[in-house]
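Presented below is the structure to which this report refers.
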Amino acid sequence: MTHATHPPDAIPQTARWPDRRILDLFGIAHPILLGPMAGAGTPKLAIAVGEAGGLAALPGAMYQPDELRAAIEAVRAGLPGRPLNVNFFCHTPPAPDPVRAMRWRTRLAPYYVEHGLDPQATPPAGGRAPFDATFCALVEELRPEVVSFHFGLPDPALLSRVKATGAKVISSASTVAEARWLEARGCDAIIAMGLEAGGHRATFLGDDVAGDMAGDMSRQVGTFALVPQVADAVGVPVIAAGGIADARGIVAALALGASAVQVGTAFLLCPEAKIPAVHRAALEAAGDDSTALTNLFTGRPARGIMNRVMREVGPLSADAPAFPLAGGALAPLRAAAEAEGHDDFTNLWAGQAARLAPRLPAADLTRKLAADALARLAPTA
């Protein structure tokens, strides 16, 4: 696995970016971080972005420890001497709730019957693995340069072990209060994640926590309102995330006080991303108003493209089991529908700016985002 045939960056980047804090912190050429994107992220995608000067990333939450080891080793082999971000979830697994699980299966039973499935069959367990001692030992052994967390931070003892490896620690905030909380606990940089972002909301403080329907989503903050307020509130560098899919978004984020951006949805359209055909088709057809926040697929709000189950059951439902359990009962329905070419029960994660994303291989996309942003910055740089 190699991308050695790609040409080097076309534009010298050593002094042209107006804010070098993230570049120097992570040792990268461009202030562009690949969103880890659990499920869609692959070693090939990470290598391509890292080779083009961005920060490579892997979604640790979707791997078993041995699988994660293999993925990290694959990136190391294909991206020697470049930094890697490994991302983990920090949720607390919920207590069993048989009543709620049965209510959810009852709500989905008509779809099972429609697809010729037994609604009484025990569905597979849905899940995402939280960061624990086993993953921490893997971090200590393989020493990724950056370790990022979603839904807060791990237990202080585990966090201390991570920091002792020399890794830079970052995490996502959806409010100023969360950003201050993360800085107080030693984060080296903070991702300010706006409402526009695809995938799971980062929320971990207040009423929106827990693995439930996530409280009042109407109070969530958009990226370009959140970024300058977080930048004013903390002393560490801020990384903007949400609704950024082209150079205009990068320049706007930098103007508002971000030192870098994290891009996810735009990279979903790259050939290196691992998504089913129905997801790719939905992304290609998505417009500005095609997405909504839903808890149906995991039990926790995440932004995805509207589909049948979101329209008919949600998009937010109190029946969905707590994170990360809701997806188990949907898995047989998803498999049956995808086999017929339908996205009715597939989690079609996407942010609000999919339409803006250039359709390119990941390395070319990274270089284009950087070059176009630098060209827009040139008159004032």
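The values are calculated or read from the model by the stated rules, or taken from the named source; none is laboratory data. Here the structure is a predicted model, which means the values were calculated and not measured. Cβ sites come from the backbone with ideal geometry, for glycine too, and all protein chains shown count toward neighbours. Heads up: the accessible areas ignore ligands, DNA and RNA and are worked out on the full protein's heavy atoms, side chains in. Shrake-Rupley method; radii C 1.70, N 1.55, O 1.52, S 1.80 Å.
Does region 121-206 come out rounded, prolate or oblate, given a ≥ b ≥ c as the square roots of the eigenvalues of its C-alpha gyration tensor, rounded meaning a/c under 1.5 and, failing that, prolate meaning a/b above b/c?
Values: a/c = 1.99, a/b = 1.05, b/c = 1.90.
Verdict is oblate for region 121-206.
For the chain, which whole-number percentage of the solvent-accessible area (1.4 Å probe, protein heavy atoms only) is attributable to carbon and sulfur atoms? Show your work: numbers first, answer last.
Values: 8210 of 14810 Å².
Of all accessible area on the chain, carbon and sulfur atoms account for 55 percent.
In percent, rounded to a whole number, the relative contact order of region 264-336 is 25, using alpha-carbon pairs under 8 Å and six or more apart.
Average accessible surface for the chain: 39 Å² per residue, computed with a 1.4 Å probe over protein heavy atoms with every protein chain in place.
Decide, for region 302-369, between rounded, prolate and oblate: order the square roots of the alpha carbon gyration tensor eigenvalues as a ≥ b ≥ c, take rounded if a/c falls under 1.5, and otherwise choose prolate if a/b is larger than b/c, else oblate. Judged from the Cα gyration tensor, region 302-369 comes out prolate (a/c at least 1.5, a/b above b/c).
Evaluate the relative contact order of the chain (contact order divided by residue number), counting alpha-carbon pairs under 8 angstrom at least 6 apart; express in whole percent. Once normalised by length, the contact order is 19 percent. Among beta bridges from DSSP that stay inside the chain, the antiparallel ones total about 20%. Among ALA266, ALA121, ALA197, the residue with the largest mean-square fluctuation in a Gaussian network model of the chain, with springs joining Cα atoms closer than 10 Å, is ALA121. With contacts taken as Cα pairs under 8 Å at a separation of at least 6 residues, region 171-318 carries a relative contact order of 23 percent. Of the peptides 132-139, 198-205, the order by per-residue mean of other Cβ atoms within 10 Å, starting with the highest, comes out as 198-205, 132-139.
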